[in-house]
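Each remark here refers to the structure printed beneath this line.
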Amino acid sequence: MVSRLLKIVTLVFAVFAFGGVANGKTLRVALHSDLKIVDPIWTTALITVNHGYMIYDTLFALDQKLAVKPQMVDRYETSADKLTWTFILRDGLEWHDGAPVTAEDCVASIKRWGARDAMGQKLMSFVADLSAPDAKTIRMTLREPYGLVLQTLAKPGASVPFMMPKRVAETDPQKQITDYTGSGPFIFKADEWRPGEKAVYIKNPKYKPRSEPASGLAGGKIAKVDRVDWIWIADAQTQMNALINGEIDFIEAPPHDLLPLVAEDKNIELAVFNPAGRQQAIRFNVLHKPFDNPKIRLAVAYALNQKDLLDAVIGSPKWYIECKSLFPCGSPLQSTKGWDDKFTSDFAKARALLQEAGYDGTPVVLMQSTDISSLSNLAPVTKSLLEKAGFKVDLQAMDWQTLVTRRTKKDPLNAGGWSAFLTSWASVDILDPVATSYLNASCDKATFGWPCDAEMEKLRDAYARETDPTKQKAIAEAVQLRLIEYPTHLMLGQYVQPQAFRKNVVGLLEAPSLALWNIEVK
Amino acid sequence: MLGYILRRLIATLPVMLIVAVFVFLMLRMTPGDPAAIIAGDNANSEQVALIRNRLGLDEPILSQFFIWFANMLHGDFGESFFFKKTVAELIASRLEPTLALSVVTIIIAVGVSVPLGVLAAYKQGSLIDKVVMGFSVLGFSVPVFVIGYSLIYLFAIKLNWLPVQGYQRIADGFGGFLQRLILPAITLSVIYIALIARITRTSVLDVMNEDYIRTARAKGQVEIKVLFKHALKNAAVPIVTVIGLGVALLIGGVVVTESVFTIPGLGRLTVDAVLARDYPTIQAVILLFSLVYVLINLAVDLVYTVFDPRIRY
């Protein structure tokens, strides 16, 4: 009787199909955040970078192995003196409105991006002239050789040099664009975009993919679905439930503690598509006691250990690695030189350093972000380890946005200032000494924390000018050794973010940023 | 009556002005700088200052207030700092889900709780009364997210009758609209059923021993008529007050339920705006909520006259 009743009710509900089964040509994804801003040059928000890769293309891109490959560029050449770079665009590139992509569009795009992005600004400081001698040729003339031209134009992570039509790229870099015409594999459906609900992309039928197979963010980007719906589901548990129920096909960032919920589900798979992952870090404010003294900052490296900090945030060692390299483990500049004896919770050594540095017991004002669970968990473990080493720690809880504001303040500790905070960043944002913004030690011009070290700046500058990769690696190691003498921040371990998806979704790419082309929904 | 309504509406103006000043000042005193948030992790002080200048946040507070207030008088609530949309557009897009959820929730809550409350009062001290009051305590005690997740597990994941999450606008089909609203509305209605049933029981019990009830019974009225026509009508004033407050609370946003069921309503817009320090959006939604409270209180006062003819304005 009960089962008959259940069958009847099931039939009644089946009359109103709720879309639990995907139309084979629509990919429904739940990403880590809601798409609020759609200008990838104006903001560094990761969700907007993902949006950028959907609708724009880049001159160069990183492949699966993080090597730079031409993307919109067909071929390029460098003059013997390494001062003139010439880039030739591929044939047949078109904007979404059907107009051809021209070198003038790209020049305007590079200039707008170069006015906002730190690496872009660095590159532009070397550029004497950027021009478009003809519709397909971009010419960049440098004042002196610069070793990161291609790496800069191919940079993923925050603020990617996406190409836009000239009329769009001429928008004031401090203002948001309102025209979302790109030349990427998908077209943004602005009329269907509902902030707080969903963003919609449709296949760009005019996109001309490269002939090489897709690899990372490079190669042939082929949109194999007609439509991609980015569905914003704020609650992580609801994301999981929706995936189990077949209402979405893919979750970009399921929390590590919820992974066991789907690990045994026969319809769902877990995999890591960005093996470079993220690095946790502690950032110091060098303006005030106690961290105005480099030896006291180094004592932190001896007091902490990465395992405890990774266990607190990630839990399962399956998803993290202890990595004492300044640059991400698995990246070309990986090295542990000088750091093997640190992050061992050697409290005796930390205490000895504190004594040597004359630590006077000034409390470390450690800002704890309470609304981002990973960062929230890091703080109490850090406090406990520091206290065991003899530090006094004043842990101050606040939401992330308050922290973001407070970290810009240089005030003394007793007037709302701060000593340190914990954060994490995508490994692709810290691949070299120039890209790693926390290594910027140019005093007032550096980001919050304001490290001031001429030697570090000299090394970063040398790295930027060096064009030989072997010599670049040696300089990067020197930077890592300099970090012992003058810690600007410390690396607290590396972890990966697995993605969860239904097994009928195939073709996902391993890439340093989210790549939603090449995917089929079977 | 018309004069009373006009007087009440005019009286809302100073209330709204006080709310506007209060919200504006509170936001400026709260830690958090939208410019720093927009600038992102890699920005230096100069870039943050530039954004602050573009947003007009480096103007004196008084000047910022008068610009905002003057624009508001012209119906311009400004543009969100983050979304490239006007605040009016943002609120308009979130209004339907919130209103729909509120209306369906109140319909379920009133439809279930009032008969339950009347029945509990009629059967005072019986098993039915104890069950209703027990449910009422449970309804207050169980967190809304527990109810939500439990319903999702049963009806969406196990039985596959209803979707886990999402909202479908009425224009896109009434069947889908209703289907996506059932679980969140039931989830939300539990606490209101508990509250209204309790108030209804108490209010009905208060009037059950009145002379007019005895008279109605002596005249041979059937018991159901005595209960719903004579007792409930006279007990309605506190019930209407609670329902009115419930409607205002629902329109003011039910963040947890909206998050659990992914409903893009005003509650989530408010929380997102607060977390991002999106001043124009926060100011506008708080003003809207205040206006809703004032208007619903007025409506409740007017409804009193329907149930109690002794009340005159």
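The values are calculated or read from the model by the stated rules, or taken from the named source; none is laboratory data. None of these values were measured; they are calculated from a predicted model. Ideal geometry is used to build each Cβ from the backbone, glycine not excepted, and the neighbour counts take in all protein chains shown.
Filter region A:109-126 for residues that are touching a residue at least 24 places away in the same chain (Cβ under 8 Å) and hydroxyl-bearing (S, T, Y) and give the result.
A:S109
Output the residues belonging to region A:82-109 that are among the charged types (D, E, K, R) and surrounded by fewer than 20 Cβ atoms within 10 Å (Cβ to Cβ).
Initial filter on region A:82-109 (among the charged types (D, E, K, R)): A:82, A:90-91, A:94, A:97, A:104-105.
Passing the criteria: A:K82, A:R90, A:D91, A:E94, A:D97, A:E104.
Any chance you could count how many residues in region B:216-271 are on the phi < 0 side of the Ramachandran plot and within 16 Å of the chain's Cα centre (by Cα)?
28
Out of region B:234-252, which residues are farther than 15 Å from B:I296 by Cα and in contact with a Ser or Thr (Cβ under 6 Å, 6 or more places away or on another chain)?
Within region B:234-252, just B:A235 meets the criteria.
Looking only at region A:217-268, which residues are of a type in the set (A, V, I, L, M), part of a strand (DSSP E or B) and more than 10 Å from every other protein chain (Cβ to nearest Cβ)? Working first, answer last.
First, pick out the residues of region A:217-268 that are of a type in the set (A, V, I, L, M): A:217-218, A:222-223, A:225, A:228, A:231, A:233-234, A:236, A:240, A:242-244, A:248, A:251, A:253, A:258-259, A:261-263, A:268.
Narrowing further to those that are part of a strand (DSSP E or B): A:218, A:228, A:231, A:251, A:268.
Once the filter is applied, which keeps residues that are of a type in the set (A, V, I, L, M), part of a strand (DSSP E or B) and more than 10 Å from every other protein chain (Cβ to nearest Cβ), region A:217-268 yields A:A218, A:V228, A:I251, A:I268.
Mind checking which residues of region B:156-173 are farther than 18 Å from A:A234 by Cβ, at the interface with chain A (Cβ under 9 Å from one of its Cβ atoms) and assigned to a helix (DSSP H, G or I)?
Correct list: B:I157 only.
Only residues that are out of contact with any Asp or Glu (no Cβ under 7 Å at 6 or more places or on another chain) and either at the interface with another protein chain (Cβ under 9 Å from one of its Cβ atoms) or surrounded by fewer than 21 Cβ atoms within 10 Å (Cβ to Cβ) (or both): list them for region A:35-45, please.
Of everything in region A:35-45, those that are out of contact with any Asp or Glu (no Cβ under 7 Å at 6 or more places or on another chain) and either at the interface with another protein chain (Cβ under 9 Å from one of its Cβ atoms) or surrounded by fewer than 21 Cβ atoms within 10 Å (Cβ to Cβ) (or both) turn out to be A:K36, A:I37, A:V38, A:D39, A:W42, A:T43, A:A45.
Out of the residues in region A:440-451 that are within 12 Å of another protein chain (Cβ to nearest Cβ) and crowded, with 20+ Cβ neighbours inside 10 Å, which is farthest from B:A273 (Cα to Cα)?
Selected residue: A:N440.
Here's the yes/no breakdown for (1) among the aliphatic types (A, V, I, L, M); (2) surrounded by 14 or more Cβ atoms within 10 Å (Cβ to Cβ); (3) under 30 Å from A:K198 (Cα atoms):
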position	(1), (2), (3)
B:L9	yes, no, no
B:A20	yes, yes, no
B:P34	no, yes, yes
B:E46	no, no, no
B:S63	no, no, no
B:K85	no, yes, yes
B:S93	no, yes, yes
B:V114	yes, yes, no
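Among B:F140, B:F135, B:F145, which is within 14 Å of chain A (Cβ to nearest Cβ) and either surrounded by fewer than 21 Cβ atoms within 10 Å (Cβ to Cβ) or not aliphatic (A, V, I, L, M) (or both)?
On inspection, the qualifying residue turns out to be B:F145.
For region B:190-224, how many residues are polar (S, T, N, Q) and assigned to a helix (DSSP H, G or I)?
Count: 4.
If I ask for residues that are more than 14 Å from B:A109 (Cβ to Cβ) and surrounded by 18 or more Cβ atoms within 10 Å (Cβ to Cβ), which ones from region B:235-247 would you list? Spell out how you get there, then give the answer.
Going residue by residue through region B:235-247, those that are more than 14 Å from B:A109 (Cβ to Cβ) are B:235-238, B:241.
Scanning region B:235-247 gives B:A235, B:A236.
Among the residues of region B:180-189, are any assigned to a helix (DSSP H, G or I), closer than 16 Å to B:E96 by Cα and facing another protein chain (nearest Cβ under 8 Å)?
yes
Could you pull out the residue among A:E485, A:E520 that is out of contact with any helix residue (DSSP H, G or I) (no Cβ under 9 Å at 6 or more places or on another chain) and either among the acidic types (D, E) or buried (at least 21 other Cβ atoms within 10 Å of the Cβ) (or both)?
On the way: A:E485 fails: out of contact with any helix residue (DSSP H, G or I) (no Cβ under 9 Å at 6 or more places or on another chain).
Going through A:E485, A:E520 in turn, the sole match is A:E520.
Condition (residue is among the aromatic types (F, W, Y), at pLDDT below 90 and touching a Phe, Trp or Tyr at 6+ places or on another chain (Cβ under 6 Å)) applied to region B:295-313: is it met by at least one residue?
Going residue by residue through region B:295-313, those that are among the aromatic types (F, W, Y) are B:304, B:307, B:313.
Right, trim to at pLDDT below 90 and you get B:304, B:307, B:313.
Then keep just the ones that are touching a Phe, Trp or Tyr at 6+ places or on another chain (Cβ under 6 Å); that gives B:313.
Looking through region B:295-313, at least one residue is among the aromatic types (F, W, Y), at pLDDT below 90 and touching a Phe, Trp or Tyr at 6+ places or on another chain (Cβ under 6 Å).
Of the residues A:K69, A:K65, which is of a type in the set (K, R) and either out of contact with any strand residue (DSSP E or B) (no Cβ under 6 Å at 6 or more places or on another chain) or under 26 Å from A:L31 (Cα atoms) (or both)?
After ruling out the rest, the residue left standing is A:K65.
May I ask you to say which residue of B:V303, B:V260, B:V285 is in contact (Cβ under 8 Å) with a residue 24 or more places away in the chain, surrounded by 18 or more Cβ atoms within 10 Å (Cβ to Cβ) and more than 12 Å from chain A (Cβ to nearest Cβ)?
Being in contact (Cβ under 8 Å) with a residue 24 or more places away in the chain, surrounded by 18 or more Cβ atoms within 10 Å (Cβ to Cβ) and more than 12 Å from chain A (Cβ to nearest Cβ) holds for just one of B:V303, B:V260, B:V285, which is B:V285.
One line per residue, one yes/no per condition, for (1) outside any strand (DSSP E or B); (2) modelled with pLDDT under 95:
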residue: A:G120; (1), (2): yes, yes
residue: A:S125; (1), (2): yes, yes
residue: A:G157; (1), (2): yes, yes
residue: A:M164; (1), (2): yes, no
residue: A:Q176; (1), (2): yes, yes
residue: A:D179; (1), (2): yes, no
residue: A:S183; (1), (2): yes, no
residue: A:A199; (1), (2): no, no
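I'd like the residue in region B:5-42 that is facing chain A (nearest Cβ under 7 Å) and not in a helix (DSSP H, G or I) and, out of all such residues, is modelled with the highest pLDDT.
Looking at residues that are facing chain A (nearest Cβ under 7 Å) and not in a helix (DSSP H, G or I), I get B:D33.
Of the numbered conditions (1) within 25 Å of A:I55 (Cα to Cα); (2) more than 19 Å from the chain's Cα centre (by Cα); (3) away from chain B (no Cβ under 14 Å), A:A115 satisfies every one except a single condition; which is it?
(3)
Rundown of residues vs (1) at positive phi; (2) within 14 Å of chain A (Cβ to nearest Cβ); (3) part of a helix (DSSP H, G or I); (4) of a type in the set (D, E), yes/no style:
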residue: B:V48; (1), (2), (3), (4): no, yes, yes, no
residue: B:R54; (1), (2), (3), (4): no, yes, yes, no
residue: B:E59; (1), (2), (3), (4): no, no, no, yes
residue: B:P97; (1), (2), (3), (4): no, yes, yes, no
residue: B:G111; (1), (2), (3), (4): no, no, yes, no
residue: B:K130; (1), (2), (3), (4): no, no, yes, no
residue: B:Y149; (1), (2), (3), (4): no, yes, yes, no
residue: B:Y153; (1), (2), (3), (4): no, yes, yes, no
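Return yes when A:A415 is away from chain B (no Cβ under 12 Å) and not acidic (D, E) and no when it is not.
yes
Could we say that A:T467 is among the hydroxyl-bearing types (S, T, Y), touching a strand residue (DSSP E or B) at 6+ places or on another chain (Cβ under 6 Å) and touching a residue at least 40 places away in the same chain (Cβ under 8 Å) here?
Against the criterion (among the hydroxyl-bearing types (S, T, Y), touching a strand residue (DSSP E or B) at 6+ places or on another chain (Cβ under 6 Å) and touching a residue at least 40 places away in the same chain (Cβ under 8 Å)), A:T467 does not qualify.
Is it fair to say B:G125 is out of contact with any helix residue (DSSP H, G or I) (no Cβ under 9 Å at 6 or more places or on another chain), small (G, A, S) and away from chain A (no Cβ under 14 Å)?
So B:G125 fits the description; yes.
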